[in-house]
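Q: Attaching a single structure in structure tokens format; questions to follow.
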């Protein structure tokens, strides 16, 4: 999340910038992509009467038993997953019905990768994920409409990826979204768009700030943990646009929680009993844990 500051003039400028960015996105991608988005619109509320799991890749997903999830999938539950889920052993047991990617690197645009990712294997990982995905043509792939021509897959569902943080839309993939650009949130919005009766989430840890540290140069770093490599976390330097101090960074992080509060009217249940995300109830009767 970009640090916006508390200056009224800065917030006003950012709001105007957001409106212009939405207009530009619509002109160049949404209006020309009406055919693809019409298909997406027809899927609205098509999953009524069903339930779904929406998985992010946070450490809490390790609480779940993939065999139990797979059994529920056979009973009619759908699974939504994102990004590096494809690299996990969980995926081998419980392959998703819907898979969402929106990071530019998946579509050949590496400008937004961090220096650490470029120096490491960020590009190779994105390419490996796509190669793995090709083995599963039955998986329905959700991608931003702007990248429709950039990827080949048998089952593609496009969505409007323009952003207006002052908006409230969380359940219509054809409209401007009202939350920040978090891939897991887009996946949750996709499940809301389809209209499931119950949506169970896990892996939405949102606890980066608990693993924040600062060196003697006052440079800030995250310890980046995923459920599939808890013993080998990555270390990322905090981007300057996220904040130039710990205070600014923590202010930016609060949007990760307030954005999820916009989903409170959706039938979402959090499977992580210890989650910091308190926007959703956590009580349920499913047998899904290790």
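Q: Within the range 240-261, how many residues turn out to be over 30 Å from residue 287 (Cβ atoms), in contact (Cβ under 8 Å) with a residue 60 or more places away in the chain and surrounded by 14 or more Cβ atoms within 10 Å (Cβ to Cβ)?
A: Residues meeting the conditions: 9.
Q: Output yes when any residue across the range 212-222 is in contact (Cβ under 8 Å) with a residue 60 or more places away in the chain and either closer than 30 Å to residue 53 by Cα or in contact with a helix residue (DSSP H, G or I) (Cβ under 6 Å, 6 or more places away or on another chain) (or both), and no when none is. Write out each step before concluding.
A: The first filter runs over the range 212-222 and keeps only residues in contact (Cβ under 8 Å) with a residue 60 or more places away in the chain, leaving none.
No, every residue in the range 212-222 fails to be in contact (Cβ under 8 Å) with a residue 60 or more places away in the chain and either closer than 30 Å to residue 53 by Cα or in contact with a helix residue (DSSP H, G or I) (Cβ under 6 Å, 6 or more places away or on another chain) (or both).
Q: Right, another one. Anything in the range 145-155 that is surrounded by fewer than 17 Cβ atoms within 10 Å (Cβ to Cβ) and either in contact (Cβ under 8 Å) with a residue 24 or more places away in the chain or more than 12 Å from residue 36 (Cβ to Cβ) (or both)? List them, or say none.
A: Taking the range 145-155 as the starting set, the residues that turn out to be surrounded by fewer than 17 Cβ atoms within 10 Å (Cβ to Cβ) are 149-155.
Once the filter is applied, which keeps residues that are surrounded by fewer than 17 Cβ atoms within 10 Å (Cβ to Cβ) and either in contact (Cβ under 8 Å) with a residue 24 or more places away in the chain or more than 12 Å from residue 36 (Cβ to Cβ) (or both), the range 145-155 yields 150, 151, 152, 153, 154, 155.
Q: Also: Tell me the strands (runs of 3 or more DSSP E) entirely within the range 1-115 that contain at least 3 residues that are in contact (Cβ under 8 Å) with a residue 60 or more places away in the chain, within 24 Å of residue 203 (Cα to Cα) and in contact with a strand residue (DSSP E or B) (Cβ under 7 Å, 6 or more places away or on another chain).
A: Details: elements: 51-55, 78-82, 98-100.
By residue number, 51-55, 78-82.
Q: Report yes if residue 151 is over 16 Å from the mean Cα position of the chain (by Cα), more than 24 Å from residue 256 (Cβ to Cβ) and modelled with pLDDT of 95 or more, otherwise no.
A: Values: over 16 Å from the mean Cα position of the chain (by Cα): yes; more than 24 Å from residue 256 (Cβ to Cβ): yes; modelled with pLDDT of 95 or more: no.
When the stated conditions are applied, residue 151 does not pass them.
Q: Looking at residue 189 and the list (1) farther than 25 Å from residue 147 by Cβ; (2) part of a helix (DSSP H, G or I), which single condition is not satisfied?
A: The one condition residue 189 does not meet is (1).
Q: A follow-up question, please. Mind counting the residues in the range 193-249 that are closer than 30 Å to residue 45 by Cα and either assigned to a loop (DSSP other than H, G, I, E, B) or modelled with pLDDT under 90 (or both)?
A: Of the residues in that region, 7 qualify.
Q: Quick one: residue 32 ticks every box in (1) closer than 21 Å to residue 253 by Cβ; (2) surrounded by fewer than 18 Cβ atoms within 10 Å (Cβ to Cβ) except a single one, so which number is it?
A: Of (1) closer than 21 Å to residue 253 by Cβ; (2) surrounded by fewer than 18 Cβ atoms within 10 Å (Cβ to Cβ), only one is false for residue 32: (1).
Q: Given the criterion modelled with pLDDT of 95 or more and not in a loop (DSSP other than H, G, I, E, B), identify the matching residue among 146, 175.
A: Working: 175 fails: not in a loop (DSSP other than H, G, I, E, B).
Testing whether each residue is modelled with pLDDT of 95 or more and not in a loop (DSSP other than H, G, I, E, B) leaves just 146.
The values are calculated or read from the model by the stated rules, or taken from the named source; none is laboratory data. Predicted model, so just to flag it, every value in this text is computed and none were measured. Counting neighbours? That spans all protein chains shown, and the Cβs are built from the backbone with ideal geometry, glycine included.
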